[in-house]
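The values are calculated or read from the model by the stated rules, or taken from the named source; none is laboratory data. Quantities reported herein were computed from a predicted structural model and do not represent experimental measurements. We place every Cβ from the backbone using ideal geometry, glycine too, and count neighbours over all the protein chains shown. With ligands, DNA and RNA removed, areas are computed over all heavy atoms of the protein, side chains included. Shrake-Rupley method; radii C 1.70, N 1.55, O 1.52, S 1.80 Å.
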Amino acid sequence: MRSSLSAVLPEMETEKMPKSGFQAGYALGFQIGKEDSRRPFNGTSIIIPAHLPGEDVMGTIQKIEALTPHPYELIVANAGSSEITMQYLQKRTGAVRHIAARNGEGIAGVLNKAVFAAHGQILAVLIGVSPNTDNWMIDLMLELERESSVKTIYVRSGNEDVLSRMNVSCFLFRRELLSDIGWWDEGLATLKESVSEWLGRIPNQNRIMVEASGRFI
């Protein structure tokens, strides 16, 4: 009996070794990946707020991927997209990051979470539009970098002259701006109101308005 036990025990320990090695390697890789995912990169985080079932989120993603040079990351801030969009985002896991609303959270709250989770030094938010030209991002970046005092570029669609009534379709800003003026007000009724109020906190000399001029559809 003693000899048979001694023969079985080493075999059992040997069988455990590969599993233990795999677990250790997996844990190390997971930790490295987790730490790496928190590091900012010298590129742009493009955020797509989605809160209406009829929004063409898939089309916007496809346009961005076709017309935008790397490096960038794509994030969908989702507070009410359609079931088809949800299925598409699940299939694109890894290529597109998905930040979803919880417990009835509004779009401004999800946008805040998406911006907090973004890794880019520059952030761009597209509101209900898709890029339409190859150089859309380059044009906006050149405007942002034209003067050191400029903190954000926003694209106007429509003819309204008052910021609070302006239909802003896209805005691009440096991450450090959030430390100066804060985040989006989650208590306002619509995303348009939250964005207009947020832009209104930025002094005139620190923001530039540009026309859409065919950049978006």
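Count of region 105-132 residues, restricted to those that are part of a loop (DSSP other than H, G, I, E, B) and either of a type in the set (A, V, I, L, M) or open to solvent by 20 Å² or more (accessible area, probe 1.4 Å) (or both), is 8. Listed by first and then second residue, the pairs linking a residue in region 73-101 that is among the aromatic types (Phe, Trp, Tyr) to a residue that is open to solvent by 30 Å² or more (accessible area, probe 1.4 Å), with Cβ atoms under 7 Å apart and 6 or more places separating them unless they lie on different chains, are Tyr88/Met58. Selection within region 58-94: residues that are in contact with a helix residue (DSSP H, G or I) (Cβ under 9 Å, 6 or more places away or on another chain) and in a loop (DSSP other than H, G, I, E, B). The member of this set that is surrounded by the most Cβ atoms within 10 Å (Cβ to Cβ) is Ser81. Exactly one residue out of Arg97, Arg102 is in a strand (DSSP E or B) and under 18 Å from the mean Cα position of the chain (by Cα): that is Arg97.
Of all residues in region 140-163, those satisfying the criterion of being within 21 Å of Ser213 (Cα to Cα), modelled with pLDDT under 90 and not aliphatic (A, V, I, L, M) are Arg146, Arg156, Ser157, Gly158, Asn159, Glu160, Asp161. Which of the residues that make up region 192-214 are of a type outside the set (Gly, Ala, Ser) and either assigned to a strand (DSSP E or B) or open to solvent by 40 Å² or more (accessible area, probe 1.4 Å) (or both)? Answer for region 192-214, where residues must be of a type outside the set (Gly, Ala, Ser) and either assigned to a strand (DSSP E or B) or open to solvent by 40 Å² or more (accessible area, probe 1.4 Å) (or both): Lys192, Glu193, Glu197, Arg201, Pro203, Asn204, Gln205, Arg207, Ile208, Met209, Val210, Glu211. Cβ-Cβ contacts under 8 Å between residues 6 or more apart (or on different chains), taken from a first residue in region 134-159 that is without any contact (Cβ under 8 Å) to a residue 40 or more places away in the chain to a second residue that is open to solvent by 50 Å² or more (accessible area, probe 1.4 Å), are listed as Gly158/Asn167. Within region 37-57, the set of residues being in a strand (DSSP E or B) and crowded, with 19+ Cβ neighbours inside 10 Å comprises Thr44, Ser45, Ile46, Ile47, Ile48, Pro49, Ala50.
Within region 170-191, the residues that satisfy the criterion of being charged (D, E, K, R), more than 18 Å from Ile107 (Cα to Cα) and surrounded by 14 or more Cβ atoms within 10 Å (Cβ to Cβ) are Arg174, Arg175.
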